Structures are given as C-alpha cells and as structure tokens.
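Worksheet: one structure, shown below.
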Amino acid sequence: MKFLFLESSRSWGGQEYRTCLEVNWLNANGHDAWFGCDPAGEVFAKAREIGTRLVPFALTKRIDPVVSFRLWRFCRRHRIDLVKSFSSKDHWLALPLYWSGIPLTRSRCITDPIEGVNRAFVYRYGCSRIIADAPVIKRQLIAQNGIASEKIEVIGSAVDLSRFHPNRDTTKFRTEFGIPPNAPLIVNVGMIRPDKGQLTLVEAARLALQQRPDARFVFVGEGTGSRKLGIRVHEAIERHGLEHRILMLGYRWDIPDILAACDLVVIASLRTEASPIVLREALASGRPLVATRVGDVDEVISHRKHGLIVSPGVQDEMAAAILELLEDRELATNCARRGLRLAREQFCFDRMMHHKIQVDTEVVTLHQTPSLAPAPPPASLARDYIQN
C-alpha cells in the first residue's frame, strides 16, 4: 500500500516522533509511505535526522486551495491509497481529497473536547475512519459529538521492544552528567508545556528532596511556541535553589539509555494526554513509575501493581508516591517486573502496526466498493465548510 501522512504541527513531540516511526516501519516492510509536513518547522528537521521520507507542504492554514491541490496532485502522481491526518489544519486541507474519493483517516490522541460545529463536522463527514489512541477518546466522540461507534477504531500506543528494555547500559547516561551510581534518579520525559505538569513536578521534587537530598531529577524535552513555560520551569527550579538536583536537558535522542539509567519515571500530565507513550516506554524498560490519572493511564496499569497512580496537579500526593517507591524497594521491584511483563504482552510496535495495516486495508477496500463507500456530507454542511 501507499500512504501519505500529514502533520501540520511545527513542534516536535511524542506524536510527531511516533508518526515518523510508523512511516519508517512501513517503508521497511514492503509499503511506500511519505511524511508531509512544513519545511520551516522543527518536525521537518527532526524527521530528516532519523531518515524519514519527507515531502514538504506548507500546512499553515485550515483552508488553502493551492495546498489542497498540491496534496491532490501528489496523491494522483504517486497513486496514494490512503491519506493519514494527525492535526486540525492538515485534516481540513485534506478534506477536498477525501471528497474527491481518496480515503482519509484522522488520528486523535488528546482528550480535549471537540468544540464548535465546524470541528465536529470534519470528524463526522470529513474522514473514512477515526483512529483513537485510547478508549476514553472513543467514548468522548460518541457521547459529546454523536459520532457512530463503528467509525472509530481504538489502537493504543506501542514501543520498539528491541530498543526499550532493561538490559541496556545503565551507566552511560549517569557518567555523562556526573550522577553517582547510587543516587536515586527520577526522570520525566515530555514536551515542556502547561498540560504536561512539569511545574507540579518541580514542587513535588522540592518536597521529596527534603527527605532524599541525594536524589536527582531529570526533565527531558523542549518547550513549544515561545518556550515561556520552559523559562517558568527554570525559574521555579532556581527559586528553590535546586539547579544541581533538577536538570533540564532539552530534547535527547537517547531516551532508552536515560530510562535504563533511572530508578523511577514520573508522568505528571494534568490533562489532554490520552495515551502517554512514555508510560509504555517506562514499562518496557523495566522501570517503576508514578503517573497521574489522565487519559488511559488507569485503564492500562493498576495502582500498586505496575506503579503508583496519583491525582493530577497534587504535588503533595506526587511527592509521597515518589518517596514511597524510592524507600520501598520491594514494591518498586515488583511493579517494574509486572510492568515489563505487561509491555511485552501488549505494547509491541510490530503488533500495533499490523493492526493498523488491517484497519487501513479495510478502509481502502470500502472506498473501492461503491455500495459501501462513505456518503458525501449534506449539501448544506458542505456549503458551510466552503463559506467558513
């Protein structure tokens, strides 16, 4: 099959990285796939670094007839079987392709409500299938937006188990930053943005360090947009005088080595995130974790079985959970062992991709069968789209 992936986001994060991994996997497994994104954005530069097959499109506006025509022309020239959109602008730009008969899926990986008639419209009438990262997203789309259950497929995140495993070198990262082998190392991985909860984690770290001053905290990730939150996180760390105990490293490619080197992973998200990829990476790396109750976290792991689940935004509770796993090594070891087993059973990247190929094949087949092809949107709604 031939695929065109579209991503209008300019900032590099977990979703964008996973999209690149999917494109690379398809090209390595007998398919043809391209990743269309803005050549001026960070996504384009990072994707090039990992060898993703790229095609530049200026996906900067929701409605741009010239860009939509270029997308259509690319699909015709390369005989694309399926277009995959991942964000709002690229979905809107791909609508004319879908209405001209090219199958289109829309991925949804956040739990923010879809507000406004226009946005709900593109989910109902502007795609062949919605690929939801977690069951909570499917429930929301059905209850809040009236989207038919059969139009939504849930396919959760997965990781490359050959890269994320507990047998990696645990000293490499610690040596680079001068972290003693016996110092408890707590890691947070994610874009620096409000919904990721790094400010809450700084406060939780401050409390935990009062009892475990030998611990070290590491934040891996970069800010988005103006980077203002990154500045605020730095300021909070400096205000508490913790610059030598809480390190902000920016983006790193060696996440498997960092997770292997740590004692504990913390997911501090406040909202939005549906299916944290770092949760799967931590489990596959055989590391215990503290995670906030967001998205599918409490559907994927069980409290005190695979880790500790805490309330979003509550620094005291988060600090207590961190300290408990540092002090109770039997609990931490058992959580890590059971989490590793769970990851090997459920979060294999190859298995996830085969599931996606199965759904993609079904979508393309439906479009090739006239009696089963999706009906066009009502004329009145199509007019509203054109006018807006």
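The values are calculated or read from the model by the stated rules, or taken from the named source; none is laboratory data. Since the structure is predicted, the reported quantities are computational estimates derived from the model, not experimental observations. For neighbour counting, all protein chains shown are included, and Cβ atoms are generated from backbone atoms with ideal geometry for every residue, glycine included.
Yes or no: residue 2 out of contact with any Asp or Glu (no Cβ under 7 Å at 6 or more places or on another chain), basic (Lys, Arg) and modelled with pLDDT of 95 or more? Working first, answer last.
On the way: out of contact with any Asp or Glu (no Cβ under 7 Å at 6 or more places or on another chain): no; basic (Lys, Arg): yes; modelled with pLDDT of 95 or more: yes.
So residue 2 does not fit the description; no.
If you check 69, 86 for being assigned by TED's automatic domain parsing to the domain that holds residue 364, of a type in the set (Phe, Trp, Tyr) and surrounded by fewer than 18 Cβ atoms within 10 Å (Cβ to Cβ), only one passes: 69.
Does the stretch 62-73 contain at least one residue that is at pLDDT below 95 and within 23 Å of the chain's Cα centre (by Cα)? There is at least one residue in the stretch 62-73 that is at pLDDT below 95 and within 23 Å of the chain's Cα centre (by Cα). Of all residues in the stretch 145-198 being basic (Lys, Arg) and part of a helix (DSSP H, G or I), which is surrounded by the most Cβ atoms within 10 Å (Cβ to Cβ)? Selected residue: 196.
Let's see how each residue does on (1) at pLDDT below 95; (2) farther than 24 Å from residue 108 by Cα; (3) surrounded by fewer than 16 Cβ atoms within 10 Å (Cβ to Cβ):
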| site | (1), (2), (3) |
| --- | --- |
| 281 | no, no, no |
| 290 | no, yes, no |
| 294 | yes, no, no |
| 298 | yes, no, yes |
| 303 | no, yes, yes |
| 312 | no, no, no |
| 326 | no, yes, no |
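Within the stretch 75-83, can one find any residue that is part of a strand (DSSP E or B), under 21 Å from residue 157 (Cα atoms) and touching a helix residue (DSSP H, G or I) at 6+ places or on another chain (Cβ under 6 Å)? Yes, because at least one residue in the stretch 75-83 is part of a strand (DSSP E or B), under 21 Å from residue 157 (Cα atoms) and touching a helix residue (DSSP H, G or I) at 6+ places or on another chain (Cβ under 6 Å).
Name the residue that is surrounded by the most Cβ atoms within 10 Å (Cβ to Cβ), counting only residues in the stretch 18-59 that are assigned to a loop (DSSP other than H, G, I, E, B) and touching a Ser or Thr at 6+ places or on another chain (Cβ under 7 Å). Let's see the steps before the verdict.
Taking the stretch 18-59 and keeping what is assigned to a loop (DSSP other than H, G, I, E, B), we get 29-31, 38-41, 50-53, 57-59.
Then drop every residue that is not touching a Ser or Thr at 6+ places or on another chain (Cβ under 7 Å), which leaves 38, 59.
Details: 38: 19, 59: 27.
The extreme case among them is 59.
What's the total number of residues in the stretch 92-108 that are buried (at least 22 other Cβ atoms within 10 Å of the Cβ) and part of a loop (DSSP other than H, G, I, E, B)? Going through the stretch 92-108 one residue at a time, the tally reaches 1. Each residue in the stretch 212-261 was checked for being surrounded by fewer than 16 Cβ atoms within 10 Å (Cβ to Cβ), at pLDDT 95 or above and of a type in the set (Gly, Ala, Ser), and 1 pass.
Is there a residue being touching a residue at least 40 places away in the same chain (Cβ under 8 Å) and in the same structural domain as residue 11 (by TED's automatic domain parsing) anywhere in the stretch 181-196? Checked against the condition, which is being touching a residue at least 40 places away in the same chain (Cβ under 8 Å) and in the same structural domain as residue 11 (by TED's automatic domain parsing), the stretch 181-196 yields no hits at all.
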